[in-house]
């Protein structure tokens, strides 16, 4: 059997490399960023549609992939998490359909693959729909409720005949040397897919495998081969007072306010200021630039940010992968990617389910949670959201009754 897959919002192919490793054949990539598209072409023979998905029909996708729609086994992709904004309400259905998440829905509806994987940032779990056009008036009762985008997606996929499961996954719990948390939604034209159980933990006691550390990830890299953006002399000066695993709060008390400047008086933990990684821990979530003051990601010992080579190792790209563009573009491509290992977990979850190689009760046997946040899995999130809908209905009824009383008075 051919396990043909279509990749949407492919980026530098982090998710796709993991999907391929799980046994799928990526037949086409859709990616609008020119440099990311060049990266795909440079490293693979997969055809690329380098266009905005709004301008790409499913016929074009299938033709480029040399597939009929019934030959598509899996569609994967991580559409950028856009809010369905109030500005869009003025343009109605046209703007709604132009949203990238709506376009992901469109492709699934028209191609009808057996399975799909939708990846996104943690923020999608709280993203709200600020409006719905007339065509979707059945969702009027969830407008402005936090999490309404995920609820909307789930209900739309169910209309198309899919069972949906999802959660927020900490990549470190699955062997990735990074504490990157991402939402992964699994869809199947049939019964629900159980979520994959964590394979790694901080101590290893619960799972039998300890988290993979930054030190392990960069083993074998030579300092003289590193490519990185330079820090300012001020950043280097204060960074020199810190060792691996430390950040601004560990600076000497007599210089900390001077080092932080106006940021010293800001609220929040400000954990990204003067942050040095530890060799003995997974990396924090990679950002699109490691040298910005509020989101610094610097080497445990050397006076520099993480290199592009270290970035690629943390995201588990193979050393031969050649990213296209200038250094800032490369940081961005790698920083925006899905870790290859997390992509592999997602793909393997689908493949094992299809082949019947899985424990259907595994969700009840987890020794550790999927991530550090509560109520992020479909079996927790959806019932709570539906309770919120009922709560809002009650409040609306009470408001209407009050208005009636006031009118009578």
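Readers should treat all values here as calculations from the given coordinates under stated rules, not as data from a laboratory. A quick note: this is a predicted structure, and the numbers were derived from the prediction, not measured. Ideal geometry is used to build each Cβ from the backbone, glycine not excepted, and the neighbour counts take in all protein chains shown.
For the residues 395, 153, 239, a GNM of the chain with alpha-carbon springs under 10 Å puts the largest fluctuation on 395. Applying 0.36 nm per residue to the separation of residue 227 and residue 191 and subtracting their alpha-carbon distance, the gain on full extension is 8.2 nm. In percent, what relative contact order does the range 133-226 have, based on Cα pairs under 8 Å that are 6 or more apart in sequence? It comes to 21 percent, rounded to a whole number.
Ordered by the count of other Cβ atoms within 10 Å of each Cβ, fewest first, 359, 352, 225 give 225, 359, 352. For the chain, the relative contact order works out to 18 percent when only alpha carbon pairs closer than 8 Å and six or more residues apart are counted. For the range 202-341, the relative contact order works out to 27 percent when only alpha carbon pairs closer than 8 Å and six or more residues apart are counted. Only helices enter the 222 nm calculation for the chain: every DSSP H run of n ≥ 4 contributes -39,500 (n - 2.57), and dividing by all residues gives -10000 deg cm²/dmol, rounded to 500. Sort 70, 112, 119 so that the residue with the fewest other Cβ atoms within 10 Å of its own Cβ comes first and the one with the most comes last. Taking fewest neighbouring Cβ atoms as first place, the list is 70, 112, 119.
Counted by neighbouring Cβ atoms within 10 Å, the residues 354, 209, 265 run from fewest to most as 265, 209, 354. For the range 237-273 and the range 1-25, compute the distance between their C-alpha centroids and round to whole Å. About 42 Å separates the Cα centre of the range 237-273 from the one of the range 1-25.
Please label the shape of the chain as rounded, prolate or oblate, based on the square roots a ≥ b ≥ c of the eigenvalues of the alpha-carbon gyration tensor (a/c under 1.5 means rounded; beyond that, a/b larger than b/c means prolate, else oblate). In terms of gyration-tensor shape, oblate.
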